[in-house]
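So the structure is just underneath, and the comments pick up after that.
The values are calculated or read from the model by the stated rules, or taken from the named source; none is laboratory data. Predicted, not measured: the structure shown is a model, and the values here were computed from it. Don't worry about glycine lacking a Cβ; one is built from the backbone with ideal geometry, like all the others, and counts go over all protein chains shown. The accessibility values were calculated without ligands, DNA or RNA, using every heavy atom of the protein model including side chains. Shrake-Rupley method; radii C 1.70, N 1.55, O 1.52, S 1.80 Å.
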Amino acid sequence: MALHSLEVLDGEVSLPQFRLLLTLNDLGCSPSSKVAHALGLGASSITRLADRLAGSGHLARGRDARHRGVVTLELTERGHLLVDQVLAWRERELARVLAMLEPEQRAATAAGLRTFHTAVGENYAAELHGPVLL
């Protein structure tokens, strides 16, 4: 479902670029080093992705006022709109699929997902070793 939701992008940005936009949507304006860490990538990879996204108007670069050498990244209005479109599609599609289930099945699905989430824990991604592949 998440992969199909990227069809909304219609080639506007690549999957790695969208992952960066989605991360910035969660983090807000952040130093590029923090974004790189969140994605499990090196600084040079973030720089290349940010170059393309700044060029297309999806993100803006800035400087940390306290540390002039720190480059910050932030979604632009265009970037927010794109992320919102994909997330809205995912929400609609999930609702459509869940509507196909009987109430008891939806309740069982929700209970199973809660159990899965508890078993995996909040820090699952942070516990992975090495970079997360784009």
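Below, the figures for the structure above:
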item: Complete set of residues in the stretch 29-54 that are open to solvent by less than 70 Å² (accessible area, probe 1.4 Å) and either touching a strand residue (DSSP E or B) at 6+ places or on another chain (Cβ under 7 Å) or within 24 Å of GLU7 (Cβ to Cβ) (or both); result: SER30, PRO31, SER32, VAL35, LEU39, LEU49, ALA50, LEU53, ALA54
item: LEU87 vs. criteria of a type in the set (A, V, I, L, M), farther than 13 Å from GLU12 by Cβ, open to solvent by 40 Å² or more (accessible area, probe 1.4 Å) and in contact with a Leu (Cβ under 9 Å, 6 or more places away or on another chain); result: yes
item: Qualifying residue in the stretch 59-76 (condition: at negative phi, in contact with a Cys (Cβ under 8 Å, 6 or more places away or on another chain) and open to solvent by 40 Å² or more (accessible area, probe 1.4 Å)); result: yes
